[in-house]
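Since the structure comes first, as structure tokens, the remarks are kept for the end.
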């Protein structure tokens, strides 16, 4: 394999979604989703609130943050999404909620809200779509550099 091919393959795999941070205050939901995503081959990190999620993001590389909107404490999933965009612009954020939210709250989101209840398969499809989007962007970037 040529150096360019190895570099391209490495860049391509770097742009796949591999590490997901699940931010969910309900322990059973968080543990179940974590186990499911691990079985699907993802590296999964967990946080039970926004403050802990920020700590994890500061210490670890994360490709996607998957967070409930309604969280204990002073900060919501919307607050976390804004913080991640500001501090880690390459990290995607996917929010979920079982409650309706006004359009003003959701229109600035980079990814559409995943409504609860959701199936693990529905969440997986969203992560796969994010991965495909990252791969397409990486391929386009590589091709434009040639």
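General observations
- If you go through the stretch 1-24 and keep only what is crowded, with 19+ Cβ neighbours inside 10 Å and at pLDDT 95 or above, you end up with 20, 21, 22, 23, 24.
- Which listed residue is at pLDDT 95 or above and surrounded by fewer than 20 Cβ atoms within 10 Å (Cβ to Cβ), from 39, 27: 27
- Assessment of the stretch 120-134 against the conditions (in contact with a helix residue (DSSP H, G or I) (Cβ under 9 Å, 6 or more places away or on another chain), surrounded by 13 or more Cβ atoms within 10 Å (Cβ to Cβ) and not in a helix (DSSP H, G or I)) yields no matching residue.
Table: residues versus (1) over 17 Å from residue 109 (Cβ atoms); (2) touching a helix residue (DSSP H, G or I) at 6+ places or on another chain (Cβ under 8 Å).
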{"position": "33", "(1), (2)": "yes, yes"}
{"position": "39", "(1), (2)": "yes, no"}
{"position": "55", "(1), (2)": "yes, no"}
{"position": "59", "(1), (2)": "yes, no"}
{"position": "62", "(1), (2)": "yes, yes"}
{"position": "68", "(1), (2)": "no, yes"}
{"position": "83", "(1), (2)": "no, yes"}
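- Filter result for residue 109 (buried (at least 17 other Cβ atoms within 10 Å of the Cβ), in contact with a helix residue (DSSP H, G or I) (Cβ under 7 Å, 6 or more places away or on another chain) and modelled with pLDDT under 90): yes
The values are calculated or read from the model by the stated rules, or taken from the named source; none is laboratory data. Because the structure is predicted, anything quoted here is derived from the model rather than measured. Cβ coordinates were reconstructed from backbone atoms using ideal geometry, including for glycine residues, and neighbour counts include every protein chain displayed.
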